[in-house]
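The values are calculated or read from the model by the stated rules, or taken from the named source; none is laboratory data. All values derive from a computational prediction rather than experimental measurement. Positions of Cβ are backbone-derived with ideal geometry, glycine not excepted, and every protein chain shown enters the neighbour counts. Accessible surface is based on the protein model in full, side chains and every heavy atom, while ligands, DNA and RNA are left aside. Shrake-Rupley method; radii C 1.70, N 1.55, O 1.52, S 1.80 Å.
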Amino acid sequence: MININIKRKLYLAKNRAGQHLAIADFNLTLHSEEFVCLVGPSGCGKTTLLNIIADLDSDFEGSIDFKQRQNTPNIGYIFQNPRLLPWRTVRQNIELAIDGKASSDNIDSLLETMQLSQFQHVYPERLSLGMSRRVAIIRAFAINPDLLLMDEPFVSLDAATARQVKNSLLALWSQRPHTVLFVTHDLREAITLADRIVILTAAPMKIMSEIAVTIPRTDRDNEQIIETFRQQVLLNYPELK
Amino acid sequence: MSNQLIKFLNLSGLTWFVPLVKIAAGENPTIQIRQLFLIMGVPLIAILFFLGAWSFSASKVHTSLGTIPGPSAVWEEALGLLDEHNTEKKKEADYYLRQEERVKKEKLENPTAEVKIRPYNGKNTYVDQIGTSLFTVFTGFILATLVAVPLGLVCGMSPIINTAINPLIQIFKPVSPLAWLPIVTLVVSAAYVTTDDSWFEKSFITSAITVTLCSLWPTLINTAVGVASIDKDLVNVGKVLRLSWGTQISKIIIPSALPYIFTGMRLSLGVGWMVLIAAEMLAQNPGLGKFVWDEFQNGSSDSLGRIMVAVLTIGVIGFILDRVMQTLQNIFSFGRAL
């Protein structure tokens, strides 16, 4: 169980004309092996939230509490851009993450699941965006994280590629379930992926409400069921349109 | 096959030969010959024009050592210097052959006697002097790199240290080697006592250190800029992966700054080579600089021609060094600009 409690996060305005409140009274508990999607308008502070959780940004009031863990938690972070190191091959990029701690069998099986085995010795410049994203996903899974953060990993992919990457992500996640916090502005995507959807308001970012996605995992590829569920959600939250 | 060859030629800076390879690979010869004319023919014509202007105007300038030598006279001098080198090498080989025979003979007559072996003590030829200069410049350059790269890394990573060191860099960067030399000479004389079996001459150390002092700045500045301008997103990747400090530096920061570092090193080597000649002149380190100075003092009718040979040699070697560094820079930037 992970407890995220952010009382206040201030943000310096672009023109340095003072600070504004980015996040206020944000309180969220993640259960073990739960897939939670954060849905909110663009620019509402979702990436800031993930950076705080990943300890890239420590300038906030509040606490991130990984219960039942003494040492520093392992966090996998899939950024919006794949952020692969251009001077390392696909395999070397993944090896950097584990730094000799995991076996090469582990990498092989991850590459296999993500259908990237034949590209493992290729440099990132030769990969398409969809492939780079899958490498970034492997890099995050490889460290066997206590929490997996994903920041709109399917954005700016065409629909077919996005579906493909999404399916391989779900395949990997069902093989190795981890606690996931997934950020998106696309409600349909959230319904396909999540156990629970957290709806956010903009400026300052707050939790508006939480929705449990009751559709069984086996029906998640059925567009009709997803669409019906989406319409129901939109009835209650018309501002999500 | 031909593609790989073209890639290699581009990488090594030998782009002149690319059209030839393309013709051999069966591409349209008219276009390629045009290309060949552009990248090889035009500079060739310019050089011929320069040689013509040189040989025409040289004879008009009268000095105390006679007229300035034209291209053909300089070429004669160059051949003469090579001849001198070959004769000297032959003399040296003969000397060692004679010594070997002498040693054998003495051992036969008296097996217990200690036989003296003397090294050959001939004069330095022009080729030897080129060798000394190259050795000196590389020693200075490597020292400069060893100082500048770590210091640049620290400056790039810490804005505070950068602010602290920056004024010093700005002040010391423009100092001429001629100003450093007396100080370096005095310090080396005081700190380094030579004996008969010292590894290095004082003059060599003085020249090398002067080269170091003048050439470390471009590498230092470029390394600092390269490290400071690293993509923050990639640094964050390292942080999220909880890489140790050492790993972050060696796996993320240095590879990312490598193109900058190599650009700096290329500039440094160029500066070093330029500085070296001045340093050798004054420190009397037996290299090209000393050669020029000696010929100037010598003042024979050949001197001007020999100095010209030195000038051209210095230029050509400087050009080759730059090309080598450029190739290294291209190789290590692989995966980015290319």
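Residue A:182 satisfies every condition listed in (1) over 23 Å from residue A:26 (Cβ atoms); (2) open to solvent by less than 20 Å² (accessible area, probe 1.4 Å); (3) not basic (Lys, Arg) except (1).
Looking only at the stretch B:181-208, which residues are of a type in the set (Val, Ile, Thr) and crowded, with 24+ Cβ neighbours inside 10 Å? B:205, B:206 - these are the residues of the stretch B:181-208 that are of a type in the set (Val, Ile, Thr) and crowded, with 24+ Cβ neighbours inside 10 Å. Is it the case that some residue within the stretch A:32-40 is of a type in the set (S, T, N, Q), within 14 Å of chain B (Cβ to nearest Cβ) and in contact (Cβ under 8 Å) with a residue 24 or more places away in the chain? No, because not a single residue in the stretch A:32-40 is of a type in the set (S, T, N, Q), within 14 Å of chain B (Cβ to nearest Cβ) and in contact (Cβ under 8 Å) with a residue 24 or more places away in the chain. The single residue among A:134, A:88 that is within 14 Å of chain B (Cβ to nearest Cβ), among the basic types (Lys, Arg), open to solvent by 10 Å² or more (accessible area, probe 1.4 Å) and not in a strand (DSSP E or B) turns out to be A:88. Checking residue B:169 against (1) open to solvent by 20 Å² or more (accessible area, probe 1.4 Å); (2) within 25 Å of the chain's Cα centre (by Cα); (3) under 24 Å from residue B:249 (Cβ atoms), only one condition comes out false. Which one? Result: residue B:169 fails condition (1) only. Could you grab the pairs with beta carbons closer than 6 Å, sequence gap of 6+ or different chains, first residue in the stretch A:42-63 and away from every other protein chain (no Cβ under 14 Å) and free of Cβ contacts under 8 Å to residues at least 40 places away in the same chain, second one in a loop (DSSP other than H, G, I, E, B) and surrounded by 15 or more Cβ atoms within 10 Å (Cβ to Cβ)? Here the result reads none, with nothing in the stretch A:42-63 linked to a residue that is in a loop (DSSP other than H, G, I, E, B) and surrounded by 15 or more Cβ atoms within 10 Å (Cβ to Cβ). Of all the residues that make up the stretch A:64-85, how many are polar (S, T, N, Q), within 10 Å of chain B (Cβ to nearest Cβ), in contact (Cβ under 8 Å) with a residue 40 or more places away in the chain and out of contact with any strand residue (DSSP E or B) (no Cβ under 7 Å at 6 or more places or on another chain)? Of the residues in that region, 1 qualify. Yes or no: the stretch A:155-170 includes at least one residue that is touching a Leu at 6+ places or on another chain (Cβ under 8 Å), basic (Lys, Arg), more than 30 Å from residue A:11 (Cα to Cα) and open to solvent by 10 Å² or more (accessible area, probe 1.4 Å). Yes.
If the condition is being among the polar types (S, T, N, Q) and surrounded by fewer than 10 Cβ atoms within 10 Å (Cβ to Cβ), then the stretch A:204-231 contributes A:214, A:218, A:224, A:231.
Look at (1) part of a loop (DSSP other than H, G, I, E, B); (2) at pLDDT 85 or above and you find that residue A:115 fails only one, number (2).
Residue selection: residue B:48 satisfies the criterion of being out of contact with any strand residue (DSSP E or B) (no Cβ under 8 Å at 6 or more places or on another chain) and surrounded by fewer than 11 Cβ atoms within 10 Å (Cβ to Cβ).
Inspection of the stretch A:151-160 finds no residue satisfying the criterion of being in a helix (DSSP H, G or I), among the small types (Gly, Ala, Ser) and touching a Ser or Thr at 6+ places or on another chain (Cβ under 6 Å). With respect to the conditions (1) more than 30 Å from residue A:43 (Cβ to Cβ); (2) within 14 Å of chain B (Cβ to nearest Cβ); (3) surrounded by 21 or more Cβ atoms within 10 Å (Cβ to Cβ), residue A:97 falls short on a single one, namely (1). Looking at A:125, A:95, which is the one that is out of contact with any helix residue (DSSP H, G or I) (no Cβ under 8 Å at 6 or more places or on another chain) and part of a helix (DSSP H, G or I)? Going through A:125, A:95 in turn, the sole match is A:125. Filtering the stretch A:102-117 to residues that are in contact with a helix residue (DSSP H, G or I) (Cβ under 9 Å, 6 or more places away or on another chain) and open to solvent by 10 Å² or more (accessible area, probe 1.4 Å) leaves A:102, A:104, A:106, A:108, A:109, A:113, A:115, A:117. When each of B:20, B:36, B:11 is tested for being touching a Leu at 6+ places or on another chain (Cβ under 9 Å), surrounded by 13 or more Cβ atoms within 10 Å (Cβ to Cβ), modelled with pLDDT under 80 and not polar (S, T, N, Q), the lone residue that passes is B:11. Report yes if some residue within the stretch B:256-270 is open to solvent by 30 Å² or more (accessible area, probe 1.4 Å), closer than 17 Å to residue B:215 by Cβ and within 14 Å of another protein chain (Cβ to nearest Cβ); otherwise report no. So far as the stretch B:256-270 goes, yes, one or more of its residues are open to solvent by 30 Å² or more (accessible area, probe 1.4 Å), closer than 17 Å to residue B:215 by Cβ and within 14 Å of another protein chain (Cβ to nearest Cβ). Filtering the stretch B:37-59 to residues that are of a type in the set (Phe, Trp, Tyr) and within 21 Å of residue B:14 (Cβ to Cβ) leaves only B:37.
Here the helices (runs of 4 or more DSSP H) wholly within the stretch B:1-115 that include at least 2 residues being touching a Phe, Trp or Tyr at 6+ places or on another chain (Cβ under 6 Å) and within 25 Å of residue B:125 (Cα to Cα) are B:71-109.
Within the stretch B:220-248, being in a helix (DSSP H, G or I), within 14 Å of chain A (Cβ to nearest Cβ) and open to solvent by less than 40 Å² (accessible area, probe 1.4 Å) holds for B:226, B:234, B:235, B:236, B:237, B:238, B:240, B:247, B:248.
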